Amino acid sequence: MKNMTIIYWSATGNTEMMANAIAEGAKTAGANVTVLSVDAASAEDALSADLLALGCPAMGAEVLEEGEFEPFFSGLESSLSGKKLALFGSYDWGDGQWMRDWQDRVSAAGASLYNGEGLIVNNTPDDDGLSNCRSFGEGFANF
């Protein structure tokens, strides 16, 4: 059984909803899943997992949240080589540039990015969005 850790930051609850739906899908596929908000997570939580999913919405001018999440991710970045990683987050404006930039950082760090790209949902996930999250989690559990 694979151990998956999902670490997220969420101001409105949208990315938290995504994290929980991804966890549901991963559990369906047989993964042992831990879901943590970034303020309760450590680098050890992230790096000890077989599979790591990170979630953060687009903020400001399409960047990662700068108060908690960006510092956490920056601290992990140099240790991601060879890590199996998935990215997800919600957005309200723009075209997903924050996710493309994040994907580039993960690839440059040498991580293996599930599905080749992150999962993004506009605003609050609807039933289809949550279904996509569950499928994403199930697929990632088998990555």
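Leaving out ligands, DNA and RNA, and with a 1.4 Å probe, what % of the accessible surface on the chain is carbon or sulfur?
Details: 2750 of 6370 Å².
Ligands and nucleic acids excluded, carbon and sulfur reach 43 percent.
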Taking R0 as 25 Å and r as the Cβ-Cβ distance between THR34 and ALA61, the FRET efficiency 1/(1 + (r/R0)^6), rounded to the nearest 0.05, comes to 0.20
Taking Cα pairs closer than 8 Å and at least 6 residues apart, the relative contact order of region 1-134 in percent is 28
In the neighbourhood of ALA141 defined by beta carbon distances under 9 Å, the net charge of the other residues (Lys, Arg +1; Asp, Glu -1) is +1
Once Lys and Arg are counted +1 and Asp and Glu -1 for all other residues with Cβ under 13 Å from that of ALA46, the total becomes -2
Phi angles of region 97-111, converted by Karplus (6.51 cos²θ - 1.76 cosθ + 1.60, θ = phi - 60°) into ³J(HN,Hα) in whole Hz with x for Gly and Pro, give 4, 4, 6, 4, 5, 5, 4, 4, 5, 5, 5, 5, 7, x, 6
Phi-derived 3J(HN,Hα) across region 66-74 with the Karplus relation (6.51, -1.76, 1.60, θ = phi - 60°), rounded Hz, x for Gly and Pro, is 8, x, 10, 6, 4, x, 5, 5, 4
Computed for the chain: size of charge dipole around the Cα centre, +1 on C-beta of each Lys and Arg, -1 on C-beta of each Asp and Glu, debye to nearest 20, value 600
Expected field for LEU36, accessible surface area in Å² at 1.4 Å probe radius, rounded to 10, holds 40
Computed over the chain, the distribution of all Cα-Cα distances in 5 Å bins, rounded to whole %, is 2, 11, 23, 26, 23, 12, 3, 0
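Which value in deg cm²/dmol, rounded to the nearest 500, describes the helix-derived mean residue ellipticity at 222 nm for the chain, given -39,500 (n - 2.57) per DSSP H run of n ≥ 4 and division by the residue count?
Helix contribution divided over all residues of the chain: -12000 deg cm²/dmol.
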Of all DSSP beta bridges having both residues in the chain, the percent classed as antiparallel (nearest 5) is 5
Taking TRP98, TRP9, TRP93 and ranking on accessible area (1.4 Å, protein atoms only), highest first, one gets TRP93, TRP9, TRP98
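The values are calculated or read from the model by the stated rules, or taken from the named source; none is laboratory data. Worth saying up front: this structure is predicted, and the values here are computed from it rather than measured. FYI the Cβ positions are ideal-geometry reconstructions off the backbone, even for glycines, and counts take in every protein chain you see. Side chains are part of the model used for accessible areas, which takes the heavy atoms of the whole protein and leaves out ligands, DNA and RNA. Shrake-Rupley method; radii C 1.70, N 1.55, O 1.52, S 1.80 Å.
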